[in-house]
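One structure is given below, represented as structure tokens, and several questions about it will come after.
Just so it is clear, none of the values below were taken in a lab; they were calculated from the coordinates. Note that this is a predicted model, so its numbers are computed, not measured. Methodologically, a virtual Cβ is constructed for each residue, glycine included, from the backbone with ideal geometry; neighbour enumeration extends over all protein chains shown.
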Amino acid sequence: RKKMMSPSPTHSDSSGSSKHDSNQDSWEIVEGLRGLPANMQEPHRQEGLLLKRRKWPMKGWHKRYFLLENGFLKYAKHGSDLKKGKLHGCIDVGLSVMSIKKKAMCIDLDTEDNIYHLKVILSHYYTHQLQIFSTDCVSSKQECPGSSHSLVHQVSNESKASIPESMSEFFDAQEYLLSSSSSENEVRHYLLFFSVVTVTSRRSTLPSPSPTSSVSLWNILRNNIGKDLSKVAMPVQLNEPLNTLQRFCEELEYSELLDRANQTQDPYQRMVYVATFAISSYASTYHRAGSKPFNPVLGETYECDRPDKGFRFIAEQVSHHPPVSACHADSKNFTFWQDVRWKNKFWGKSMEIVPMGTTHVTLPAFGDHYEWNKVTSCIHNILSGQRWIEHYGEMAIKNINSDACQCKVTFVKAKSWSSTVNEVQGVITDLKGKVVHSIFGKWHESVFQGDPPSAMCIWRATVFSVCADPMPVDHEQYYGFTQLAVELNELNSMLRPLLPTTDTRFRPDQRLLEEGNTEGAEEQKQRIEQLQRERKKVLQDNNMTHQPRFFKKSKNDTWVSNNTYWELRRDPGFGKMDFPVLW
């Protein structure tokens with residue numbers, strides 16, 4: 001069947017539903033929520049009976065019990081079967097084209113491999129029961145657990161690597177509708193499902209596009225081949241208007257994977273979600289090889305409070321030489337923390353970034369404590385040509401509170417003649433080393449669980465999903481920032497008085513670069529670096545060492561939160577406290 005892409009497409013099925021009795025009875029793709037309010041409530045789990053046309057030879061209809069939750073439409077013969085996980089199918093609505101016929105109350109879902117014909121039951125009782133079908137567009141990144149039949153991607157004779165590659169072909173439908181009433185007013189009411197809860201209005205673009213750089217990297221780097229570049233001063237034109245502390249926060253872009261892990265009873269499946277989260281933390285780097293983040297100065301901080309995502313985050317630069325950044329995020333479903341330092345080495349054509357440190361996640365529902373290492377990153381074509389970033393190496397994930405489950409993820413190093421660019425492969429094993437689950441995909445695009453042709457999509461990056469925040473318009477001209485990255489350095493009048501003066505958003509060189517003033521940014525950058533040198537000299541002259549404000553050394557010599565930030569923010573408030581002058 002050919003997909004329907006026009007507002008009133010020609011629709012064809014064996015029931016003869018392509019006949020257009022009137023304009024009101026034609027098939028159409030729903031136009032969505034353009035112009036409607038943005039303060040609607042997030043849709044809840046919905047379930048009930050619908051009629052589903054039988055598969056080939058497509059004769060007659062039968063009742064099936066449907067559940068719509070987190071962007072997935074699961075169905076079974078009875079509601080009790082669905083609760084037991086005995087599913088007949090699971091449809092990822094985010095990968096489907098949906099068309100409706102309002103008058104006939106018919107819905108068609110085209111998943112590329114199958115077309116599902118559904119009809120709302122017109123019985124008064126069932127109409128009452130079927131206040132159904134609201135689609136949470138953010139959550140289409142998640143899997144449908146318990147399904148024995150994955151309808152996400154039914155293929156055969158394809159390699160694992162080719163599946164994620166082909167996924168982007170599917171994301172061509174943005175509006176969907178299922179309704180339980182023939183009333184036009186009620187039908188419009190159910191269009192409200194395509195909204196995302198907006199707690200705070202956030203900006204959708206940066207103030208200025210990235211400037212064109214005329215800096216000769218070769219002149220800067222030619223005497224540093226094979227050396228650690230952490231002490232080499234770089235001009236501001238090579239930076240992006242975010243810094244390393246904010247980059248840490250970007251790793252939480254897909255924190256809903258940890259939310260899901262904390263709600264999953266099976267320990268091996270929990271590890272699948274944790275491993276997928278660890279992989280997803282690299283997704284935002286895909287478009288970011290052209291510039292580097294600002295290096296935080298000693299004592300610099302950053303907070304990010306995101307009630308819409310369910311977490312709050314703090315970070316601090318706790319050491320200057322060697323440069324060490326520490327961060328901590330908490331949520332009702334998880335705690336996340338890490339301290340990381342990097343070694344940057346220039347090899348003539350590429351720059352290799354080797355991280356040192358450990359990432360930690362705890363899940364309160366099960367007492368799990370996961371930890372893992374970061375892999376090596378490499379920026380290719382550093383001097384000429386199109387720069388691109390690659391991540392490679394092995395990531396070992398373990399639950400230090402239980403040895404029943406282990407995970408190893410390999411970020412495959414690409415070969416120019418192969419299709420393994422950005423590929424990841426992972427296995428979850430039991431205590432005896434037996435493989436329980438396998439995952440695969442591409443770190444910038446999607447992760448699947450299982451084996452083709454029945455592999456299930458666990459996660460998709462927003463750039464490849466029409467149901468989540470897509471990449472901003474003209475993102476190539478704005479440092480390749482995702483929507484989350486665009487929001488990280490925003491400073492509004494309500495937030496300004498609540499932050500400590502050491503918060504990154506007050507940093508003038510970074511702010512000037514964001515506004516497109518590279519000359520002013522370079523001048524401020526040099527001034528801020530000089531202030532840091534002067535503060536260091538004062539400490540040395542007085543035989544003192546810097547003491548971080550919000551982090552402390554743990555027993556195993558790693559930096560952890562001292563759990564004072566949010567309490568001090570509330571009482572007495574940072575405006576009543578003294579902080580060093582960083583800029």
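Multiplying the sequence separation of K413 and K227 by 0.36 nm and subtracting their Cα-Cα distance, what value in nm do you get?
Details: separation 186, 0.36 × 186 = 66.96 nm, distance 2.23 nm.
Full-extension gain reported as 64.7 nm.
What three numbers, in Å, describe the spread of the alpha carbons of region 433-583 along their principal axes, ordered from the longest?
66, 44, 31
Right, another one. Starting at the first residue of region 525-536, write each ³J(HN,Hα) from the Karplus equation 6.51 cos²θ - 1.76 cosθ + 1.60 with θ = phi - 60°, in whole Hz, x for Gly and Pro.
Once rounded to whole Hz, the list reads 4, 5, 5, 5, 5, 5, 4, 5, 4, 5, 5, 4.
Among the lysines, which have Cα under 20 Å from the Cα of K86 when same-chain residues fewer than 8 positions away are ignored?
K52, K55, K63, K74, K77
Please compute the length gained on full extension between K349 and K83, using 0.36 nm multiplied by the number of residues separating them and subtracting their Cα-Cα distance. The partial results should precede the final answer.
On the way: separation 266, 0.36 × 266 = 95.76 nm, distance 5.60 nm.
Working it through step by step, the gained length comes to 90.2 nm.
Sorting E394, E567 on the 10 Å Cβ count, fewest up front, what's the list? Provide the component values of the computation, followed by the final result.
Details: E394 12, E567 9.
Going from sparsest to densest Cβ surroundings: E567, E394.
Would you order I428, I279 from fewest to most other beta-carbon atoms within 10 Å of each residue's own beta-carbon? It would help to have the intermediate numbers written out before the result.
On the way: I428 24, I279 27.
Listed from fewest to most nearby Cβ atoms, that is I428, I279.
Once the principal axes of the Cα atoms of region 323-374 are found, what is the range along each, listed largest first in whole angstroms?
Principal-axis extents of the Cα atoms in region 323-374, largest first: 49, 17, 13 Å.
May I pose another question? Return a whole-number percent for the relative contact order of region 428-583, with Cα pairs under 8 Å and 6 or more residues apart as the contact set. Numbers along the way, then the final one.
Numbers: 130 pairs, mean separation 21.8, N = 156.
Reported relative contact order: 14 percent.
Taking K525 as the anchor, which lysines have their alpha carbon closer than 20 Å to its alpha carbon, excluding any fewer than eight residues away along the same chain?
Straight-line reach from K525, under 20 Å: K231, K292, K536, K537.
Can you sort L512, L217 from fewest to most other Cβ atoms within 10 Å of each residue's own Cβ?
L217, L512
Counting only pairs 8 or more residues apart or on different chains, how many lysine pairs in region 361-481 have their Cα atoms under 14 Å apart? Write down the numbers at each step before the final one.
Working: K374/K398; K374/K408; K398/K408; K408/K434; K413/K442.
Within region 361-481, the lysine pair count is 5.
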